[in-house]
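Inspection log for the structure reproduced underneath, given as structure tokens.
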Amino acid sequence: MIAEFNEIGSSSFSGMADVIPLRFNFCQEIPMLNSFSAMRTGLAIAATIACSSVFAAPTYVGSWEVDDGPSWTVVPPSYTGQEAAALLFGGAASDYVISTIDSLVANIDHLTWVSTWGGACGGSFPCGTKVAETFEVSTGGLYATPGDTSAYVSDWATGTEYTNYAFKVDAVVPEPASLALLGIAIAGLGVTRRRKTA
């Protein structure tokens, strides 16, 4: 969250062009709020609670090889990387981000290995393609005709080279209490700023 303050202490948030003079990342500046005054300590606690509820890091939940899925011969459903993760680990597709690199959060690339019906490498086998984690080409939702793709099917992309790593990202919706605390913290900063300039 980026907060902006003008000289008299009124605040606005990024995207509003009317106030620019003093700008800082509110959640990164929490240590600045700690001082001897009880008010500032309270503001620091409120800001810490609010910021911790706004930002959540993805959590690694597991991996799968593309060819762990059903055989292409049974005309299975076509899955994006996120849909395959939801099928294998539970929840909704939007709960996940996918990586083709490894299980480290720092290396998430938002890509998915897929198999393409009919191959995509000029007949060379095995063959997988990296695509966006939400990418899908299907025939009515099925892996059924040339060009269809799936992140969970036993076809062209076989072996450990074609491993997808799933990370769950909790949909963080700040609680009303956290939002209220954040509002109080921002208002308190404005009051403190106003007192200093007077």
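The values are calculated or read from the model by the stated rules, or taken from the named source; none is laboratory data. From a predicted model like this one, the values you see are computed outputs, not experimental measurements. Ideal geometry is used to build each Cβ from the backbone, glycine not excepted, and the neighbour counts take in all protein chains shown.
Points worth noting:
- Residue pairs whose Cβ atoms lie under 9 Å apart, sitting 6 or more positions apart in sequence or on different chains, and linking a residue in region 150-168 that is within 13 Å of residue 84 (Cα to Cα) to a partner that is among the basic types (Lys, Arg) and at pLDDT 95 or above, do not occur here.
- Picking from residues in region 81-136 that are without any contact (Cβ under 8 Å) to a residue 12 or more places away in the chain and not in a loop (DSSP other than H, G, I, E, B), the one that is surrounded by the most Cβ atoms within 10 Å (Cβ to Cβ) is 86.
- Within this structure, residue 165 fails the test of being touching a Gly at 6+ places or on another chain (Cβ under 9 Å), part of a loop (DSSP other than H, G, I, E, B) and of a type outside the set (A, V, I, L, M).
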